[in-house]
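Down below is the structure, laid out as structure tokens.
The values are calculated or read from the model by the stated rules, or taken from the named source; none is laboratory data. Every value quoted in this text rests on a predicted model; they were computed, and no experiment measured them. We place every Cβ from the backbone using ideal geometry, glycine too, and count neighbours over all the protein chains shown. Note: areas computed on protein heavy atoms with side chains; ligands, DNA, RNA excluded. Shrake-Rupley method; radii C 1.70, N 1.55, O 1.52, S 1.80 Å.
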Amino acid sequence: MRTGQLICAISEQCADLLYACEFYAPDPVLYFAAGNEKGLAVSILEYNRAARETKPGVKVYDRNDFFDKDDLNRKTSDLIVKLTEKFKIDCWQVPYDFRFGLARELNRAGVQISPVKGEFYPERRTKSEMEVDKIRKAQRVAESAMRRAEEILGEASIGNDGVIMWQGDALTSEILRAELSIVILRQDMNSKGLIAAGGGESSEPHNFGTGPLIANSPIVIDIFPRDTITGYWGDMTRTYVKGKADKRVKCAYAAVHDAKEAAKEKIMNGVIASEIHQLAFDRMDGHGFPTGHKQGKHYGFIHGLGHGVGLDIHEAPRLSPLNPSPLETGDVVTVEPGLYYPEWGGIRLEDVVVVREDGCECLTEMPEELEIS
């Protein structure tokens with residue numbers, strides 16, 4: 001049986017497609033690999049740019065070249081039928097999230113497809129030094145935005161009602177996110193999903209944050225910029241208190257910091273991912289911060305220790321209790337322990353590291369600081 005690989009997606013959104021062709025585009029394109037032939041079929045709108053920017057070894061086609069001049073049926077499914085005939089493919093391997101509607105059209109046309117479970121390109125997990133440099137670049141941008149957050153909190157004052165004031169108005173999560181996003185955008189990166197959550201909202205790891213930020217209470221800032229040109233991500237989190245943190249918050253912060261540094265010390269080629277997560281869990285539990293469930297709410301260390309970073313912000317491998325596999329040299333992962341208690345808020349600290357043969361290299365250079373006066 002002659003098989004090929006097929007991806008039909010938007011490379012801005014599909015990391016596998018971007019990995020295969022290195023062409024960053026906002027509209028759907030069709031990538032295929034058939035024998036020794038690798039090709040990218042694009043509209044005439046994108047043809048010239050694709051011809052310049054697509055990965056060497058991938059031939060760029062104007063999708064109209066596969067059709068006769070009088071052929072009125074030029075849907076994506078029709079194009080795939082043409083490719084199937086041209087390269088004599090019996091079955092196309094496709095990503096597991098391949099579009100259902102397109103799959104049905106191909107089935108009706110007699111084209112066989114086989115969804116691949118798991119990673120379509122498992123080799124994407126291991127990063128080359130060139131890829132590490134791209135992630136490092138994004139990490140520097142994240143740090144520049146985080147320094148801006150420190151500047152704003154340093155410039156701010158505390159109102160009589162405990163609200164943080166900046167430039168004459170209440171400093172809200174929305175204003176802080178906007179200011180940090182400007183720093184990122186000016187460096188030609190995107191900042192979608194940036195988190196600046198204070199108080200009780202900081203106890204929910206993916207709460208973006210809303211409304212005025214309150215002094216003497218944790219503010220979790222999670223910044224993950226994506227390079228507009230390369231598609232690679234950076235990721236970092238810091239937690240701040242404008243004013244004075246109470247003893248409970250200081251102890252939680254110390255526990256999270258200790259867990260992060262202990263985990264980084266143990267990360268190296270061959271270490272089991274779930275064991276690193278458990279190490280961090282045990283360190284924070286040992287500091288007197290338990291994890292559990294009460295009255296419908298979860299508290300403590302309620303997420304995995306980390307995740308892979310690359311062309312996806314969350315990719316393999318996971319530092320999770322559900323991953324019994326060893327880490328490998330070239331993995332790039334976050335180390336982000338956190339503690340979350342609805343009654344007072346949350347603490348999270350996050351670095352990005354590269355797994356090396358006998359340790360790890362930390363790509364995050366920015367130091368940590370809890371209180372900002």
### Query
What dipole magnitude, in Debye to the nearest 20, does the stretch 34-99 give about its Cα centre under +1 on Lys/Arg Cβ and -1 on Asp/Glu Cβ?
220 debye
### Query
Assigning unit charges at the beta carbon (Lys, Arg +1; Asp, Glu -1) and nothing else, what dipole magnitude in debye, to the nearest 20, does the stretch 151-262 show about its Cα centre?
240 debye
### Query
What order do Arg348, Arg74, Arg318 take when sorted by accessible area (1.4 Å probe), most exposed first?
Arg318, Arg74, Arg348
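Take peptides 75-81, 113-119, 199-205 and line them up by average Cβ neighbours within 10 Å, highest first, as a rough protection proxy.
Descending packing order for the listed peptides: 199-205, 75-81, 113-119.
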### Summary
Helix-only [θ] at 222 nm, the chain, -39500 (n - 2.57) per DSSP H run of 4+, per residue, nearest 500, equals -9500 deg cm²/dmol
### Query
Direction-averaged shadow area of the convex hull around the Cα atoms of the chain, nm²?
21.8 nm²
## Note on the structure
Taking a ≥ b ≥ c as the square roots of the Cα gyration tensor eigenvalues, with a/c under 1.5 meaning rounded and otherwise prolate when a/b beats b/c or oblate if not, the stretch 48-140 comes out oblate
## Note on the structure
accessible surface per residue for the chain, probe 1.4 Å, DNA/RNA/ligands not counted, whole Å² -> 46 Å²
#### Entry: Accessible area of Trp233 in the full protein assembly, 1.4 Å probe (Å², nearest 10)
40 Å²
### Query
With a ≥ b ≥ c the root eigenvalues of the C-alpha gyration tensor of the stretch 201-255, is it rounded (a/c under 1.5), prolate (a/b larger than b/c) or oblate?
prolate
### Task
Evaluate the distance, in nm, between pseudo-label points positioned 7 Å from the Cα of Asp71 and of Phe208 along their respective Cα→Cβ axes.
4.3 nm
### Task
Write out the trypsin sites (Lys or Arg not before Pro) in the stretch 141-228 meeting two conditions: DSSP loop, and at most 15 other Cβ atoms within 10 Å of their Cβ.
Arg186, Lys192
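Take every Cα pair under 8 Å in the chain that's 6+ residues apart, average their separations, divide by the length, and report that relative contact order as a whole percent.
14 percent
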### Summary
Residues of the stretch 56-82 with backbone N under 17 Å of the label point set 7 Å from the Cα of Arg108 along Cα→Cβ are 72-82
### Task
Note down the nm distance, to one decimal, between modelled labels 7 Å out along Cα→Cβ at Val116 and at Glu371.
5.4 nm
### Query
Which residues' amide hydrogens lie under 5 Å from the amide hydrogen of Val111, considering only partners 5 or more residues apart or on another chain, with H built in the peptide plane?
none
### Query
Which links in Lys75/Lys192; Lys59/Lys82; Lys134/Lys192; Lys38/Lys88; Lys38/Lys82; Lys127/Lys264 stretch past 20 Å when you go from one Cα to the other?
Lys75/Lys192
### Query
Could you give the angle, 0 to 90 degrees to the nearest 10, between helix 273-286's Cα long axis and the longest principal axis of the Cα atoms of the chain?
10 degrees
### Query
Which distance in Å, rounded to a whole number, links the C-alpha centroids of the stretch 52-80 and the stretch 230-309?
48 Å
### Task
Using a Förster distance of 56 angstrom, determine the FRET efficiency expected from the C-beta separation of Lys247 and Cys91, and round it to 0.05.
0.30
### Query
For the stretch 328-339, what does the Karplus curve 6.51 cos²θ - 1.76 cosθ + 1.60, with θ = phi - 60°, yield as ³J(HN,Hα) per residue in whole Hz, taken in order and with x for Gly and Pro?
10, 3, x, 5, 10, 9, 7, 10, 9, x, x, 10
